[in-house]
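Right, one structure below, let's go through it.
Readers should treat all values here as calculations from the given coordinates under stated rules, not as data from a laboratory. Just so it is clear, the model here is predicted, and its values are computed rather than measured. Don't worry about glycine lacking a Cβ; one is built from the backbone with ideal geometry, like all the others, and counts go over all protein chains shown.
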Amino acid sequence: MGKEKVTEIDFLKWENSFSSLPSSFFTFLDPLPLTNPYMVSFSESAAALIDLGSSELLSQNGVNTFSGNAIPSASKTLSAVYSGHQFGQWAGQLGDGRAILLGNVQTENGPWELQLKGAGVTPYSRRGDGRAVLRSSIREFLCSEAMFGLGIPTTRALCITGSKDAVYRETAETASVVTRMSPTFIRFGSFEHWYYSENSENLKILADYTLQTFYPELLEKENPYKALLSEVIRRTASMVAQWQSVGFMHGVMNTDNMSILGLTLDYGPFGFMEAFNQGHICNHSDHQGRYSYVNQPHIGHWNCRALAQSLLPLIGTVEEVQEVLTEYLPAYRARYDDILHQKLGLESKYPEDQKLFDTLFSIMQESQVDFTLFFRRLSTLKIEEFESNTAIRDLFINRDAFDDWSVQYRKRLKLENSSDESRKIKMNAVNPKYILRNYLLQVAIENAENDDFTEVNKLLKIMERPFDEQPEYEEYANLPPDWAADIAVSCSS
């Protein structure tokens, strides 16, 4: 490797466990340097996970390292191969088309892989330029950290570096690299690659590596591969339930974008629900609505079936695989039901609760109520003061429908002697005040494209504490302006 070796970042305990796999799993290569790179933004909380301070990040060696211009001396940079189903169709070989792994950093709490996204052409780029633009890097960086702030399993984002190098999408944009962090970037598609290649030896090598490194407790099970599938299904079902609970839409739930650890992976055309619509499609490239909000739980199940098919040679029989697959829907429903009870401040469960939930979403759909504002304001509802809820009912076009529902909700709260004050505290701990709305991102991106990163850093700060009131940022919790309706995100985002 001909790159400059750095010293300041070398104090990190670099290892390269993925590179110990056979060479057919990846390609060793160097990142493509950026011209005169600079730091756009970084996450202090993500950096703390690997004991990295702001002074190291902001140093010239830090900027060079996380833009791909220099390589830690203990690193073996590589891009991984995988395959996958995209929009329900088998796409064949894919792989890290613009991402290069620096290696993993060992910490007291386990390993963290650091990956440079936008670091140049790889053998898996499929005619792409291997670059990322500032726009998409800001979206991924901020949403990774916003999801962490919401308590949703996710990969993390350490920093964004930028450059004035031109990158061409619909128009000329500037280049950027986002440094992503995860214990591993192994995907469902990583297993599909070897299954559809009919390479049972490498399939087993990958599964054994995954078990030994990330699920060692499952090695003691009678059938570790079956136990692995079961655990991934449980984590995936829980993750998707959490997505639904905050109105998050991934936008492109292809099997190559599904983490084997049950983490939210690959932020492209994502969106957070604003005016509630079960059928909302956040990705303008999704012409059939496969990845609409209402479909996400079903697609999570579909993707788990694809993973199960790939693990079949290791698990043993179709019957055993089907047995494990039956765990997804009950796991999803139980997790989602638990969260809905928390969002409505209900501490007990009754058979009639599902009707209460269904009616609520029906009237929210009818009035296109802002998802986040409604649940946040619902915590202010008073059991005995019917006329005090103007701020909630004003969100509805059909206020009578809300009034009728609120009568039933109050009756339900009285069944468990709910206290207005304690319920409000608990509801505000699970219903965020701030979400990463597309218009907020758009403003931050436009400013950043004019070399003003203030709004990027401000959004990062706000989204790190989405459940707190933060009165100094009150306007960031408001309904989107009219012009926001014209914002469109697609797979190029």
Note on the chain: contact order normalised by length, alpha-carbon pairs under 8 Å, 6 or more apart, percent, works out to 14
Inter-part gap, Cα centre of segment 165-222 to Cα centre of segment 398-450, in whole angstrom, is 36
Return the subset of K433/K461; K382/K461; K426/K458; K343/K426; K426/K461; K13/K76 for which the Cα-Cα distance in this structure is over 20 Å, preserving the input order. K382/K461; K426/K458; K426/K461
Could you sort 392-405, 233-246 so that the peptide with the highest average Cβ count within 10 Å comes first and the rest follow in order? 233-246, 392-405
Going highest first, how would you order 140-147, 258-265, 70-77 by mean Cβ packing within 10 Å? 140-147, 258-265, 70-77
For the charge dipole of segment 131-281, defined by +1 on Lys and Arg C-beta atoms and -1 on Asp and Glu C-beta atoms about the Cα centroid, which residue among F276, P183, T154 has the Cα displaced farthest towards the positive pole? F276
Search the structure for amide H atoms under 5 Å from the amide H of F248, placed 1.01 Å from N in the peptide plane, and list their residues when 5 or more places away or on another chain. M273
Once Lys and Arg get +1 and Asp and Glu get -1 on their Cβ, which of L329, N398, L49 lies farthest toward the positive end of the dipole of the chain? L329
What's the extension gain from E475 to E385 if we count 0.36 nm per residue and subtract their Cα-Cα distance? 29.6 nm
A91 and S197 label points (each 7 Å along its Cα→Cβ direction) are spaced in nm at 1.7
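Which of the peptides 16-23, 332-339 is most tightly packed, and how do the rest follow, judged by the mean count of other Cβ atoms within 10 Å per residue?
Highest to lowest by the protection proxy: 332-339, 16-23.
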Note, segment 169-185: 3J(HN,Hα) by Karplus (6.51, -1.76, 1.60, θ = phi - 60°), whole Hz, Gly/Pro = x, goes 10, 5, 9, 6, 10, 9, 7, 7, 10, 10, 8, 9, 10, 7, x, 7, 10
Contour minus end-to-end for N277 and I425, with contour as 0.36 nm per residue of separation and end-to-end as the Cα-Cα distance? 50.5 nm
I need to check one value: relative contact order of segment 438-486, counting alpha carbon pairs closer than 8 Å and at least 6 residues apart, in percent. 36
Tell me, Kirkwood radius of segment 106-204 from alpha-carbon pair distances, in Å? 15.5
Working note, the chain: Cα radius of gyration (Å, one decimal) and Dmax (Å, whole number) are 23.2, 73
What is the magnitude of the charge dipole of the chain about its Cα centre, with +1 placed on the Cβ of each Lys and Arg, -1 on the Cβ of each Asp and Glu, and no other charges, expressed in debye to the nearest 20? 500
Theoretical ellipticity at 222 nm over the chain - DSSP helices of four or more residues, -39500 (n - 2.57) apiece, nearest 500: -12500 deg cm²/dmol
Quote to one decimal, in nm, the extra length available between D165 and K349 on full extension: 0.36 nm per residue of separation minus the C-alpha distance between them. 60.5 nm
Can you give me the pair-distance distribution of segment 345-428, C-alpha pairs, 5 Å bins, whole percents? 3, 15, 27, 28, 21, 7, 0
